[in-house]
Every structure is written in C-alpha cells, then in structure tokens.
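Below is one structure, written out as structure tokens, with a few remarks after it.
The values are calculated or read from the model by the stated rules, or taken from the named source; none is laboratory data. Since the model is a prediction, treat every value here as computed from it, not as a measurement. Glycine also receives a Cβ, built like all others from the backbone with ideal geometry; neighbour counts cover every protein chain displayed.
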Amino acid sequence: MRQSPFGLFLLALIFLAGGCAGPKTVKTEPIDFPSIAAEAVLAHVKILASDEYEGRAPGTKGEDLTIAYITDQFKKAGLQPGNTNGSYIQNVPLAGITADPGAELVFKKGAVEQKLLFKDDYVAWTKRFIERARMENSDMVFVGYAVQAPEFNWDDYKGVDLKGKTMVALIGDPPVPDPADSSRLDPKVFGGRAMTYYGRWTYKYEMGAKLGAAGVLIVHETEPAGYPFSVVQSKVTEQFDLAAPGKNMGRAGIEGWITLEQAKRLFALAGKNFDDLKKSAAGREFKPVALGVKASLTLHNKLRTIDSRNVVGKLEGSDPGLKNEYVLYTSHWDHFGIGPEVNGSKIYHGAVDNATGVGGLIELARAFKRLPEPPKRSLLFLAVTAEEQGLLGSEYYALNPIYPLTKTLAVVNMDALNVYGKTKDLTVTGLGNSDLDDYAGQVAAAQGREVKPDPMPEKGSYYRSDHFPFARQGVPALASGGGVDYIGKPAEYGREVREKYTVNDYHKPSDVVRPDWDMSGAVQDLQYYWMVGYRVAQAEKYPEWKPGAEFKAKRDAQLKVAR
C-alpha cells in the first residue's frame, strides 16, 4: 500500500528524533501537507501570461494590471497589507534607459575597422542615467575571466591600469583542472564545475566599475552562460536600474556582450588567437593582454524614471512573543513586456517564468490562511518587480526592508514552477549552504523524494534569482524546486525538457501556457515550499549558514549587532 504524505512526514520526524543532524523544531503536533488545487494555480497563470497583460514589463500597462491583480488576490486570500503604512505596495524607484538601436560598435586597428551591428553582433547599454554614453578610441584589454579572488590566490588583472579602457572578458569561472584528475575541474577552486559569483556577468561589470573601465564587453558562449545569445538579444529594449543618487556615474560607461564569432574576429584583428588566449586564461599565471585595438561606441538614450512596485501581503503569527519575526516567500511578477518580434509575436508572455511562481505564491497564502491557527511567526508574501532587469525589486527590499532583516529568519524563493509532472527528486541549488537545506531534505523525505544538487551547477542558478540579494545581505535563502527524475518518464526526460525550454522558450514570446502541461509537479513543489516555511516559522532557533558559506560572516555580524 502506498504510504500517505502524512505517514511519511511522521516517519521523517521519528527518523530525525533518532539523531539525524538538522534544524530543531518546536514540539508541536505534526501537520499534514496542505491541499493546493492545480486548477487554481493554472487559472492565475493564464491571466498573468495573457496577451492583455502585455508581458508584464515594469512601467507599463502590464505592470498596472499585474499589481492590481496580485493585490486583489492577496486581499481575497485574507492577507493583511504587508507595508507598515497600511498598503500592499512598496514603491521601487527605477531609472529606465532605452538605447538607440542604430548604434555601431567599431573596433579599429590602424586603418582597418570592424563594424558590429546592434543586436546581431553585440548588445550594449549603459546604467548611467545620461542621454549620451560613449567610449571613444578606447584601448581594448583582454582580462581573461576578469576575476580577482584572493581566497584562491587568483588575480586576472595583475595591477593593470584599466582607467578609460575597454575590458574584454570571458563569461564563467576559470576552468581550473583538478591536479589529481585532469579530466575534471578542481572542486577546491571556484567550486569546480559549479559556477560561483565570480562567473556571473554582474560581477564582471562590477569589476569594470571598480577599476574605472570605460567599457566592459563579455564574450558570449552558450554553455558557460547557460543560455543562447538570443536571450542576450532580448536586452535591446528598455533597461532598468535602481534610481540612485549620482545617476550611477560610478558604473562603467558601457556594459555589453559580443558574440563568440565577433570575439574571434576581434582577436584576429589584434593578431591573436582567441582559443589560445582563452586556454591561457585558465591559469593563475595569466596576465592581461593589450589587444592594440581601439573601441568606439556612442549610445543615445531615452530616459525616464518610474516608481515600479513590489506587492507584499502579511499573515500575522499566532505567538505574541514571535509574531515580530518573519519567514519571507518571494516570487517575481515581471517579464520583458513587448519586445523584438520572434516568429510573429512581440509579447513576451512569461508563463513559466514567472507567472507560475506568482500563481503559486497566491495559492500558498490561501493554504496558510486555511489553517485553524497561523504559524507562531509571521509570514510575508512578496511579489517583486524587475527581476529580469537584474533582481532589482528584491534588491530594493533587501536594502530597504519593511521588516528588519535581523528578524527575518529565511527567504524561500519560487521562480518558474515545474509544469512537467511529479518527480522522485528535488533540486536544491547551492546545496550545503545553510540549515534550510536540512529542512528541504526533511520535507522532501516526507514526500518520498530525494534531495539532489543542481544538475547544471555551471549555470550559476543560485546567483540568478530573487533569493540572492537577501543572501548577500546575510539572510539564509533557499533556492529549490522541481527535479530531474520524473515519475513514469525516461531517465533523460528531465534534462531534455529543461534544455528544450532554455533553447526554445526561455525569455522568448513562446513562453506561454501549453495544453500538455502537467501541473501535478507544481502542486508537489508548492506543498514542499509550504511545509518548509511552516516548519521554519515554528522552529526553536533561526536557520544558520553552514561553516564556510560565503554569506555566513555577514549574518553572524548582523545578528551580533542586533543582540
């Protein structure tokens, strides 16, 4: 006879009581997994991903409709306004910049020029809030993977002066071979196969700003980037950043990507071999290479400022002594709006990414509200803006929290629910980072599932969604969901559907609701998310980062000051 989820949950508790390491919980009666209706989640997705909502871009009619819908659903779910001013809204000031798509990027050596076409060959923007951004006859320097990591005795810059120059950088982490087995990467350096934050494009732009570069151009390669160049091409529309004092003049003047083909042409113009220099960049001895080529680009920009919006609902805790402590659920509501036409469509619907997450967030709130008594601590449900623009809504909340981060136990993020059916396993990205991974393992076991690490750690998923700004501020944050071992499917099915989605639908108009979706996987994960949040809200102690986690020092100092 198949064991019920309730029975599995009891067995898991008995097993844990026998000495398994993991977070402690208060002694309360075990509670069953909630009932969550797949049809209800799907109904939200169909509305949010409809043509009427125009792709849910910040600062558009699509945002207005989305904010009104989520607010109304939070009210109907019985959530209190989450802002202390009595509103469900947290305004997020954004600066919008749209570059003229006619701009040419020119590489020049002597009398020889190479002209790159906007979108086809390169994509570039500025985060400086100015009408004209430019680099003119800027000396180009290849800086390898653009990494400066003292803990790994790694410095790609070697003291080079980059002020006013244009950095050319590779995406990803340096692929350092394992001394014991050259067929694999060294797990002690940059996480081995798993991408660290050093591999992210955001880090490389940050380094360009730090070193005073006029421009930063990243060479796109599909495998280390984790997505095809067509995803980069979706960034030719309006770009946002948090509105900042000083108009972001501390950023590099130009940020962008060039295709691999154009990078090879550039290196050939410089009299260099791209593949040889890329290989040399995988070693500590690498030194920056002046290419002897000058770059010129002028971007003429349309500017505007807007107040975009996060939506936050609150379920107050039942324990008077603990209700001012919080477990935070996050999910981003935005997508790319109306953009370049692909196969006859200009609306970037964002059904999986991330109408599913928002629909799940609403139904999680309903499930918590149905409890006879709320959890001891309060729960926050935060639908954030501008994730697709660089995690801006979550970053704004993390820097301007409505409720103190020192009183925020954990963040549980939901981004792109599983629409392909139930799985035997559960993926936890960044597995081993914090006590939240222990909660994940316990709850997954209660579902009869096995926790596994991210099957594609090289894509750096832990740094690509809305839990990350909270982790950077020290709050333990869980990135998990789905799996790759689908019940009743061939062994390779999970990887195949992920790769198919990435190539065909990710950040494209074709990310729409499909009749062959199997929402039982989404329900399975939502029940898991619900139980993790419930147990953290009931716990005797705060979840902690594991020893060696890169965010542990920040949290320890944060809580020490608070006490």
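If only residues of the stretch 182-214 that are hydroxyl-bearing (Ser, Thr, Tyr) and closer than 14 Å to Pro457 by Cα are counted, the one that is modelled with the lowest pLDDT is Thr196.
Scanning the stretch 404-422 for residues that are assigned to a loop (DSSP other than H, G, I, E, B) and more than 20 Å from Asp556 (Cβ to Cβ) yields Met414, Asp415, Ala416, Leu417, Asn418, Val419, Gly421, Lys422. For the stretch 178-211, taking the residues that are of a type in the set (Gly, Ala, Ser) and surrounded by fewer than 16 Cβ atoms within 10 Å (Cβ to Cβ), the one that is farthest from Phe274 (Cα to Cα) is identified as Ala180.
Scanning the stretch 492-524 for residues that are of a type in the set (A, V, I, L, M, F, W, C), buried (at least 19 other Cβ atoms within 10 Å of the Cβ) and part of a loop (DSSP other than H, G, I, E, B) returns Val512, Trp517, Met519. When the criteria are applied in full, Val484 meets the requirement of being assigned to a loop (DSSP other than H, G, I, E, B), crowded, with 20+ Cβ neighbours inside 10 Å and in contact with a Pro (Cβ under 8 Å, 6 or more places away or on another chain). Considering only the stretch 216-240, state which residues are modelled with pLDDT of 95 or more and either farther than 16 Å from Phe118 by Cβ or touching a Lys or Arg at 6+ places or on another chain (Cβ under 8 Å) (or both). Matches in the stretch 216-240: Val216, Ile218, Val219, Glu221.
Of everything in the stretch 74-96 that is part of a loop (DSSP other than H, G, I, E, B) and touching a residue at least 12 places away in the same chain (Cβ under 8 Å), the residue that is surrounded by the fewest Cβ atoms within 10 Å (Cβ to Cβ) is Thr84. Selection of the stretch 266-288 for residues being over 15 Å from Val147 (Cα atoms) and crowded, with 18+ Cβ neighbours inside 10 Å yields Leu266, Phe267, Leu269, Ala270, Phe274, Leu277. Scanning the stretch 162-177 for residues that are in a loop (DSSP other than H, G, I, E, B) and surrounded by 15 or more Cβ atoms within 10 Å (Cβ to Cβ) yields Leu162, Gly164, Lys165, Ile171, Gly172, Asp173, Pro174, Pro175, Val176.
Taking the options Leu399, Leu391, Leu436, Leu426, name whichever one is in contact (Cβ under 8 Å) with a residue 40 or more places away in the chain, touching a Pro at 6+ places or on another chain (Cβ under 6 Å) and under 30 Å from Tyr348 (Cβ atoms).
Values: Leu399 fails: touching a Pro at 6+ places or on another chain (Cβ under 6 Å); Leu436 fails: under 30 Å from Tyr348 (Cβ atoms); Leu426 fails: touching a Pro at 6+ places or on another chain (Cβ under 6 Å).
Going through Leu399, Leu391, Leu436, Leu426 in turn, the sole match is Leu391.
Applying a threshold of 9 Å to beta carbon distances and a minimum spacing of six or more residues, or different chains, the list of pairs starting in the stretch 204-231 at a residue that is over 10 Å from Leu170 (Cα atoms) and ending at one that is acidic (Asp, Glu) and at pLDDT below 95 reads Glu223/Glu458; Gly226/Glu458.
Look at Ala471 and say whether it is part of a helix (DSSP H, G or I), crowded, with 17+ Cβ neighbours inside 10 Å and under 20 Å from the mean Cα position of the chain (by Cα). The answer is yes for Ala471.
Scanning the stretch 525-555 for residues that are in contact (Cβ under 8 Å) with a residue 60 or more places away in the chain, in a helix (DSSP H, G or I) and either surrounded by fewer than 14 Cβ atoms within 10 Å (Cβ to Cβ) or of a type in the set (Lys, Arg) (or both) returns Arg535, Lys554, Arg555.
Among the residues of the stretch 149-161, which ones are on the phi < 0 side of the Ramachandran plot and exposed (fewer than 11 other Cβ atoms within 10 Å of the Cβ)? If you could, list the steps in order and put the result at the bottom.
Taking the stretch 149-161 and keeping what is on the phi < 0 side of the Ramachandran plot, we get 149-152, 154-157, 160-161.
Of everything in the stretch 149-161, those that are on the phi < 0 side of the Ramachandran plot and exposed (fewer than 11 other Cβ atoms within 10 Å of the Cβ) turn out to be Pro150, Glu151.
Checking each residue in the stretch 438-468 for being modelled with pLDDT of 95 or more, farther than 21 Å from Ala398 by Cα and either in a loop (DSSP other than H, G, I, E, B) or of a type in the set (Asp, Glu) (or both) picks out Asp438, Gln447, Gly448, Arg449, Glu450. One residue alone among Pro175, Pro179 is modelled with pLDDT under 95 and more than 26 Å from the chain's Cα centre (by Cα), and that residue is Pro179.
Is there a residue in the stretch 215-227 that is surrounded by fewer than 18 Cβ atoms within 10 Å (Cβ to Cβ) and small (Gly, Ala, Ser)? There is no residue in the stretch 215-227 that is surrounded by fewer than 18 Cβ atoms within 10 Å (Cβ to Cβ) and small (Gly, Ala, Ser).
Out of curiosity, is Gly159 outside any strand (DSSP E or B) and over 26 Å from the mean Cα position of the chain (by Cα)?
For Gly159, the condition - outside any strand (DSSP E or B) and over 26 Å from the mean Cα position of the chain (by Cα) - is met.
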